Every structure is written in C-alpha cells, then in structure tokens.
Amino acid sequence: MPVVGKVYLIGAGPGAADLITVRGARLLAQADVVLYDALVTPEMLALCERAEKISVGKRSGQRSTAQAIINQQLVECAQRFETVVRLKGGDPMLFGRADEELRALEEAGIEVDIVPGITTAVAAAAATRQPLTKRGVARSVAFFTSSTAPDEPEHRSAGPAALPATDTMVQYMGGREAAATAERLLALGRRPELPVVVIENCSRPDQRILRLTLSGLAHGLDTANGPVLVMIGEALQRRAHQAPD
C-alpha cells in the first residue's frame, strides 16, 4: 500500500493538559490516529476525540510495547492514515527514543514533523519555584537518566565517571536510581547538606514535592508509581522568604 500519511512527533509536556503547545493541541484535534505513551493523561487524550487511539506505553520495570514494534506501528499507520501523531510525555527529543522512530520513518520514506513539548525539568522548576540556574551559584545544568531497557545492559551507567560534571543535576526517571546517584556524589566529595528537590507527578493533581539533602537522598525515596524527577545542586537551596510548597 502506498505511503500517504505524515507523522508528527508531539511533546505532551509534563502532564497537565493545558501545558501542551497550541500547535500540539491543534494537531491532536486533526489527527486520524494517535499512538501515545504511558505518561499521557486521559485529559490530554480528550484533545483528540475523533482519532483512533493506540497505547504504546513504555514504563520502567513494567511490561511494555517493544520499541521495534512501535516503529513498525508508526510506519503501518502512515500507510493507512493521512495524519498520524506519536504523542510523548515531555519533549520527544529528550529521553523519548525519537532517534529510533525517526530512523524507522525516514527509512520508509515517510514525512515527519516534530512539535516540541515542555520538558519535565522546566515544568518542575516552575512548580517548585526553584530556578535551575542562579547568578553566582549555578551556571550549568545537566539532564541525565540511569534508566535503560532490560535488553540493553550495555547502556547502563556505571561508576562515578558516568555522572555529569555540572552545577545543577536533573535526573529523569530517578525514583529507583536516585539513592545510588546520591551515594556516588557523596563518594566524590559533594557535601551531605547539598540541597535536593524531588517532584513526583509534576503538574498533575497528585503532584508531590519533597525537599531533602544529598545525604537524605542516599537513604532512598518513598514514592508511588508516578514519574519522578530529582534535582540536585546549590541552586535548589530554599530562599529565605519563599512560600511553602
């Protein structure tokens, strides 16, 4: 069957439906089919009522759709539908496996457009009123993750050298790995009182903010099943007159 469709990789943002871009919402309303991941909320899916919806959720530690199958589904949908949306939590170009999906679509000769979304780190900084940079304190930020698929052990970070050298560190998908990160930073000589802010379910009604220190983080996190982001650095120090969370 000839290829007739176009695929849009759209960032859904951190969770709240009103944090998607205007362009992203418009394309969702026009979509014929939407392939969405596990972090996309029902409120977001309400923006594409007319579309056929296909769950291709990928969650760490849970049974999920293999990436190769998602790639195949995207190609097949583009051969059946005019407007195909691949809806990803956050921004599709950051920890979203966009490279693999882009390569599969490009190899099949399918036109692709990318609509950025608000990445969770930026939304978390806003939700906690805690800038990631601070004049005279923090001038660099690194986004990183230790998570990897079970069948890709060669991509797993190991040892202190794997941690980025930066003023502010933001660990995506950090619920289970954050304690190990804290232990490695302590071993590298970072001070135990270094400020840490953890946010779970950022921008959603069940959002939860935890403020602790690097030594406290090393003891582990008490989190539920929602996505967790961990921010570490001197810039995360609470301001003297800052309102409570």
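Counting just the residues of segment 162-177 that are of a type in the set (A, V, I, L, M, F, W, C) and closer than 17 Å to Leu132 by Cβ, which one comes out farthest from the chain's Cα centre (by Cα)? Even if it seems obvious, please write down each step before you answer.
Looking only at segment 162-177, we keep the residues that are of a type in the set (A, V, I, L, M, F, W, C), and these are 162-163, 165, 169-170, 173.
From the residues that got through so far, the ones that are closer than 17 Å to Leu132 by Cβ too are 163, 165, 169-170.
On the way: Leu163: 18, Ala165: 21, Met169: 15, Val170: 11 Å.
The selected residue is Ala165.
All of Ala127, Ala138 fail the test of being touching a Leu at 6+ places or on another chain (Cβ under 8 Å), at pLDDT 95 or above, crowded, with 16+ Cβ neighbours inside 10 Å and not acidic (Asp, Glu), apart from Ala138.
Pairs are defined by a Cβ separation below 7 Å, a sequence spacing of at least 6 or placement on different chains, a first member in segment 164-175 that is modelled with pLDDT under 95, and a second member that is assigned to a loop (DSSP other than H, G, I, E, B) and among the β-branched types (Val, Ile, Thr); the pairs so defined are Gly175/Thr223. Does Gln73 satisfy being modelled with pLDDT of 95 or more, touching a Leu at 6+ places or on another chain (Cβ under 7 Å) and closer than 27 Å to Gln171 by Cβ? In short, no.
Per the listing Leu188, Leu221, the residue uniquely at pLDDT below 95, out of contact with any strand residue (DSSP E or B) (no Cβ under 8 Å at 6 or more places or on another chain) and of a type in the set (A, V, I, L, M, F, W, C) is Leu188.
When the residues of segment 1-56 are filtered to those that are polar (S, T, N, Q) and assigned to a loop (DSSP other than H, G, I, E, B), the one that is modelled with the lowest pLDDT is Thr41. More than 25 Å from Asn201 (Cβ to Cβ) and either touching a residue at least 12 places away in the same chain (Cβ under 8 Å) or in contact with a His (Cβ under 8 Å, 6 or more places away or on another chain) (or both), is that true of Tyr36? Answer is no for this residue. Of all residues in segment 29-44, those being touching a strand residue (DSSP E or B) at 6+ places or on another chain (Cβ under 6 Å), buried (at least 18 other Cβ atoms within 10 Å of the Cβ) and not β-branched (Val, Ile, Thr) number 4.
Can you tell me how many residues in segment 185-208 are part of a loop (DSSP other than H, G, I, E, B) and among the small types (Gly, Ala, Ser)? Quick ask: steps written out before the conclusion?
Initial filter on segment 185-208 (part of a loop (DSSP other than H, G, I, E, B)): 188-194, 201-207.
Those left that are additionally among the small types (Gly, Ala, Ser): 189, 203.
Count: 2.
For segment 194-202, check the following and say yes or no: at least one residue is surrounded by fewer than 17 Cβ atoms within 10 Å (Cβ to Cβ) and either small (Gly, Ala, Ser) or more than 16 Å from Thr119 (Cα to Cα) (or both). No, the conditions are met nowhere in segment 194-202.
The values are calculated or read from the model by the stated rules, or taken from the named source; none is laboratory data. Here the structure is a predicted model, which means the values were calculated and not measured. Quick reminder, even Gly has a Cβ in these numbers, built from the backbone with ideal geometry, and neighbours come from all protein chains shown.
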